[in-house]
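The next block holds one structure in the form of structure tokens; read it before the comments.
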Amino acid sequence: MRDIRCIVFGAAFALIFILMTSPAPAAKRAEIAAVVNNDIITTMDVDTRLLLNAGGRPVPPAQRKAAEDSVLNELINESLKRQEAESLDIMVDDGEIQNAFTNVAQTNNMTADQFRGELRKAGIPAEAFYDKLRTDIAWSQVVRRKLRPKVAISENDIDAVFDTIERTEGEPQYRVAEIFLEADMLSDSAPVEKRMNELVDQMQRGARFSDVAKKYSEAPGASRGGDLGWMTLDQLDKDLQPVVLNMQPGQLSKPFKSAKGYHLLFMIDRKMPSGPKPAAAPAPAKPAVMGPQMVRLQQIFIPVEEGEPDALKNTKMVRAASLKNELSSCDAMSAKASEFTSPLTGDLGLVAVKDLPEAVGKEVGSLKVGEVSRPMMNKQGIFVLMVCERPAPQVIQPASPAAPTQAASADNRNNEGAREEIANTLGMQKLEALQDRYLQDLRSAAFIDRRI
């Protein structure tokens, strides 16, 4: 097994801020923006991070709501990271913070004192910057302790990449960047769609795709500006394939929705074969695998307003629970839906169980066709689900692994440097995926109350 030693943990030391001198914003009363378990995020925290992310520049009014939503999500994630580090007794001392701050200042060709002065001119408390550095360093230690031991790339993994390079030589290849915003299938996705359209508007006004992706994308590759690297068509996610086929280099796609959320693509470049691919022996057939379990769902949704009395919430929960005894077919569910006016009530269509929130997926997985679920809650209200169809999983071929580097070629199979490069890239990909899942699990287990 190869031990990958060149993986860099945390993004603290890669932060580069070009601070523009601007008048500090007028002081205003801080209100609660979100509660994360026992932590409170204030509106002042959100405003400060907006300034920090924008390098001291004011956010245009048309972009402010999208920016606030993104920043609040960022602060919620950081709060969860801090809490996880504390639960593991991970502490970051002041000396580490000062060293990190000095490194960032030097990256911007300033001394630490000069950088503090620029932050002050922009209305950004230096303590807010220190807090972010502290979180980034603590999280890097969480990753090193909990996830890093799980990242080991075998020689077979590396050989599989070379096999893919040989097999796809001469096929069209695409270098695509992606922005992804998660949208819960069981909740109203209109705000997410609106936020994605606001990001498109930013780029139409001149913002670079990579900069927007780094700030707002919720995909694991956001830190790379959304760049997915060079891939053949079958190596791309199936939701992206039909869009990529019709794009030219330099083109921005329209936002589109999948079962997981909203996507926006930018075609960085593509390579088309210049002639017919030389004949080669057919690759060994891959074993067929079963596709994801799909279900067709109907939903009845009962909204719960913020601040509603507990007695009213309990009444709504009892009403939702009573549906289990009233409904025994999808036709009955459709008829009953007319009594519930929420736009989230209705047919959800065919969805993959794996794409549902974990708790919902477990509930749906245990239901028979025509059976009503127990009442469940999300931040918008109470809902019950019914499985109306459970088709047999399709037999599919597994997608080929993505070739992580275009520099590699079949001739380099025995080159130790090329193999190490592939190993490091595969390690980074695996580590990013592990971090993303770890944070998702922390969010799923947390109490999060967003108030703005």
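When the residues of the range 135-172 are narrowed to those that are of a type in the set (D, E) and at pLDDT 85 or above, which ends up surrounded by the most Cβ atoms within 10 Å (Cβ to Cβ)?
Among those that are of a type in the set (D, E) and at pLDDT 85 or above, it is D136.
Output the number of the condition that D239 fails; it satisfies all remaining conditions of (1) in contact with a Gly (Cβ under 9 Å, 6 or more places away or on another chain); (2) farther than 17 Å from M203 by Cβ.
Answer for D239: the failing condition is (1).
Count, please, the residues in the range 345-366 that happen to be buried (at least 16 other Cβ atoms within 10 Å of the Cβ), touching a residue at least 60 places away in the same chain (Cβ under 8 Å) and more than 23 Å from F447 (Cα to Cα).
4
Is it the case that V289 is at pLDDT below 85 and not acidic (D, E)?
yes
Any chance the range 117-131 includes a residue that's touching a residue at least 40 places away in the same chain (Cβ under 8 Å) and more than 26 Å from V71 (Cα to Cα)?
No, because not a single residue in the range 117-131 is touching a residue at least 40 places away in the same chain (Cβ under 8 Å) and more than 26 Å from V71 (Cα to Cα).
Cβ-Cβ under 9 Å, sequence separation 6+ or interchain: first residue in the range 330-343 and assigned by TED's automatic domain parsing to the domain that holds V304 and of a type in the set (K, R), partner outside any loop (DSSP other than H, G, I, E, B) and surrounded by fewer than 17 Cβ atoms within 10 Å (Cβ to Cβ). Which pairs?
K336/E326
Every residue in the range 124-134 that is touching a helix residue (DSSP H, G or I) at 6+ places or on another chain (Cβ under 6 Å) and surrounded by fewer than 18 Cβ atoms within 10 Å (Cβ to Cβ), please.
A126, A128, Y130 - these are the residues of the range 124-134 that are touching a helix residue (DSSP H, G or I) at 6+ places or on another chain (Cβ under 6 Å) and surrounded by fewer than 18 Cβ atoms within 10 Å (Cβ to Cβ).
Name, by its number, the condition in (1) modelled with pLDDT of 90 or more; (2) surrounded by fewer than 15 Cβ atoms within 10 Å (Cβ to Cβ) that does not hold for E78.
(2)
Of everything in the range 224-258, what is buried (at least 16 other Cβ atoms within 10 Å of the Cβ), polar (S, T, N, Q) and assigned to a helix (DSSP H, G or I)? Give them in sequence order.
Correct list: Q235 only.
Quick test of your reading of the structure: V387 fulfils all but one of (1) in contact with a helix residue (DSSP H, G or I) (Cβ under 8 Å, 6 or more places away or on another chain); (2) under 28 Å from D69 (Cα atoms); (3) aliphatic (A, V, I, L, M); (4) modelled with pLDDT of 80 or more. Name the failing condition by number.
Of (1) in contact with a helix residue (DSSP H, G or I) (Cβ under 8 Å, 6 or more places away or on another chain); (2) under 28 Å from D69 (Cα atoms); (3) aliphatic (A, V, I, L, M); (4) modelled with pLDDT of 80 or more, only one is false for V387: (2).
Residues that are assigned by TED's automatic domain parsing to the domain that holds F256, at least 3 per element: which helices (runs of 4 or more DSSP H) completely within the range 72-190 meet that?
It comes to 155-168.
Taking the criterion of being touching a residue at least 40 places away in the same chain (Cβ under 8 Å), assigned to a loop (DSSP other than H, G, I, E, B) and out of contact with any His (no Cβ under 9 Å at 6 or more places or on another chain), would at least one residue in the range 259-268 satisfy it? Step through it out loud before you land on a result.
Applying the first criterion (touching a residue at least 40 places away in the same chain (Cβ under 8 Å)) to the range 259-268 yields 259-268.
When the remaining residues are screened for being assigned to a loop (DSSP other than H, G, I, E, B), the result is 259-260.
Subsequent filtering for residues that are out of contact with any His (no Cβ under 9 Å at 6 or more places or on another chain) retains 259-260.
Scanning the range 259-268, I find at least one residue that is touching a residue at least 40 places away in the same chain (Cβ under 8 Å), assigned to a loop (DSSP other than H, G, I, E, B) and out of contact with any His (no Cβ under 9 Å at 6 or more places or on another chain), so the answer is yes.
Looking only at the range 306-338, which residues are surrounded by 13 or more Cβ atoms within 10 Å (Cβ to Cβ), among the charged types (D, E, K, R), farther than 20 Å from D449 by Cβ and at pLDDT below 90?
Passing the criteria: K324, K336.
Select the helices (runs of 4 or more DSSP H) contained entirely in the range 302-400, then report the ones holding at least 1 residues which are more than 27 Å from the chain's Cα centre (by Cα), basic (K, R) and at negative phi.
310-326, 330-337
Of all residues in the range 415-430, how many are at pLDDT below 80, crowded, with 18+ Cβ neighbours inside 10 Å and of a type in the set (G, A, S)?
The number of residues fulfilling the criteria is 1.
Could you please let me know if A433 is out of contact with any Lys or Arg (no Cβ under 8 Å at 6 or more places or on another chain), modelled with pLDDT under 80, within 16 Å of K150 (Cα to Cα) and surrounded by fewer than 17 Cβ atoms within 10 Å (Cβ to Cβ)?
Working: out of contact with any Lys or Arg (no Cβ under 8 Å at 6 or more places or on another chain): yes; modelled with pLDDT under 80: yes; within 16 Å of K150 (Cα to Cα): yes; surrounded by fewer than 17 Cβ atoms within 10 Å (Cβ to Cβ): yes.
Judged against the criteria, A433 is a match.
The values are calculated or read from the model by the stated rules, or taken from the named source; none is laboratory data. Here the structure is a predicted model, which means the values were calculated and not measured. Every residue, glycine among them, receives a Cβ derived from its backbone with ideal geometry; neighbour counts consider all protein chains shown.
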